[in-house]
Amino acid sequence: MPKFKLLCDYLLDTGIIKPEQIHQPERPPHHWLELVHTPDYVAAYCNGTLDPKAQRRIGLPWSPGLVTRTCTAVGGTILAAKLALDYGMACNTAGGTHHAFPDFGSGFCIFNDLAIASRVLLSLGRVQKILIVDLDVHQGDGTAFIFQNDPRVFTFSMHCEVNFPSRKQPSDLDIPLPQGLDDEGYLQILAQTLPDLLTEVNPDLVLYDAGVDVHGGDRLGKLALSDRGVYRRERLVLSSCVAAGYPVACVIGGGYCQDMSALVYRHSLLHTAATEVIYND
């Protein structure tokens, strides 16, 4: 839980971003959450009346502070998506809660920010087609389920085959990866897939889940990317989107490492790559 504030502090302390680049999201209204989630689930979670079994499935103890943080993170992804449409690229310092389903949470995910942001922008008429690029080590099962019958949102998940969730949901495109895959193998597969996918889908917006649990040092990962490999992945995704003229909004996704400084650094590579792609490429 501490990584979110520590990431923002690190980005400022190292000069990767400037204070004026930070935008504060608002907590989204319930009717925006209910574009994806059932009213009963939204109310039960926000009011703290979710039953213990459902709470255990999420894996995080309920508190009013967690409700605020959860909703603010969703607001951050919505705001990042809007800013990406205005400026070409924007990054959240949280987000990527792709295991949340319409009526329950799972795997540390309570509300599905990627799905909510997609539905909000579609409902506002800001976009007609969205591509979700989910490179978290775990399959984006909640997102895949939510959009299984919605042609306006194309879901792409590239994940470790033998990792959580045990029961995968069919995305529009799934690439299951073998355990222990390293930088070169991973990046080769991504480079062979992403440019053609962008051309095929031709989205008005790309939502990118940049989970760093693909790292070899992640305790919930099972892949073997290095820091350099994670950085190269971010450059590949962001430069591909920007070069082709597709706005891209990014979330940090999963990352589970007891060395908090190492984890924060890995998450910061997304923002470093974004700054370089926007200002240097």
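Just one of T49, T68 is closer than 20 Å to R27 by Cβ, free of Cβ contacts under 8 Å to residues at least 60 places away in the same chain and assigned to a helix (DSSP H, G or I); which is it?
T68
Criterion first (among the aliphatic types (A, V, I, L, M), surrounded by 19 or more Cβ atoms within 10 Å (Cβ to Cβ) and touching a Gly at 6+ places or on another chain (Cβ under 7 Å)) does A144 satisfy it?
So A144 fails the test.
Taking A90 as the residue in question, decide whether it is in contact (Cβ under 8 Å) with a residue 12 or more places away in the chain, closer than 22 Å to L205 by Cβ and part of a loop (DSSP other than H, G, I, E, B).
No; evaluated as a whole, the condition is false for this residue.
Need a quick list: helices (runs of 4 or more DSSP H) entirely within segment 99-212 having at least 3 residues that are of a type in the set (S, T, N, Q).
Per the criteria, 183-201.
Those residues that are closer than 12 Å to C91 by Cα and among the polar types (S, T, N, Q), I need them from segment 5-23; list them, please.
Q21
On the basis of being buried (at least 21 other Cβ atoms within 10 Å of the Cβ) and either of a type outside the set (S, T, N, Q) or not in a loop (DSSP other than H, G, I, E, B) (or both), does A84 make the cut?
yes
Based on what the data block shows, is L11 surrounded by 12 or more Cβ atoms within 10 Å (Cβ to Cβ) and within 18 Å of the chain's Cα centre (by Cα)?
So L11 fails the test.
Looking at (1) in contact with a Cys (Cβ under 6 Å, 6 or more places away or on another chain); (2) closer than 30 Å to P52 by Cβ, which is the one condition that is false for F108?
(1)
Quick check: anything in segment 232-245 in contact with a Lys or Arg (Cβ under 9 Å, 6 or more places away or on another chain) and in contact (Cβ under 8 Å) with a residue 24 or more places away in the chain?
No, segment 232-245 contains no residue that is in contact with a Lys or Arg (Cβ under 9 Å, 6 or more places away or on another chain) and in contact (Cβ under 8 Å) with a residue 24 or more places away in the chain.
Is it true that some residue in segment 191-213 is more than 26 Å from L121 (Cβ to Cβ), buried (at least 23 other Cβ atoms within 10 Å of the Cβ) and in contact with a Phe, Trp or Tyr (Cβ under 7 Å, 6 or more places away or on another chain)?
yes
Going by the conditions given, is V264 over 19 Å from E161 (Cβ atoms), among the β-branched types (V, I, T) and out of contact with any Lys or Arg (no Cβ under 7 Å at 6 or more places or on another chain)?
Spelling it out, it is not the case that V264 is over 19 Å from E161 (Cβ atoms), among the β-branched types (V, I, T) and out of contact with any Lys or Arg (no Cβ under 7 Å at 6 or more places or on another chain).
Find all pairs meeting these conditions: Cβ atoms under 6 angstrom apart; at least six residues apart or on different chains; first residue within segment 18-38 and without any contact (Cβ under 8 Å) to a residue 12 or more places away in the chain; second residue surrounded by 14 or more Cβ atoms within 10 Å (Cβ to Cβ).
Close Cβ pairs satisfying both conditions: E34/V42.
Taking the residues in segment 43-60 that are within 20 Å of the chain's Cα centre (by Cα) and closer than 15 Å to C71 by Cβ as candidates, determine which candidate is modelled with the highest pLDDT.
Selected residue: I58.
Residues in segment 227-261 that are in a loop (DSSP other than H, G, I, E, B) and touching an Asp or Glu at 6+ places or on another chain (Cβ under 6 Å): how many?
5
The values are calculated or read from the model by the stated rules, or taken from the named source; none is laboratory data. Only a predicted model underlies this, so the values are computations on that prediction, with no experimental measurement involved. Note that we place each Cβ from the backbone using ideal geometry, even for glycine, and neighbour counts take in every protein chain shown.
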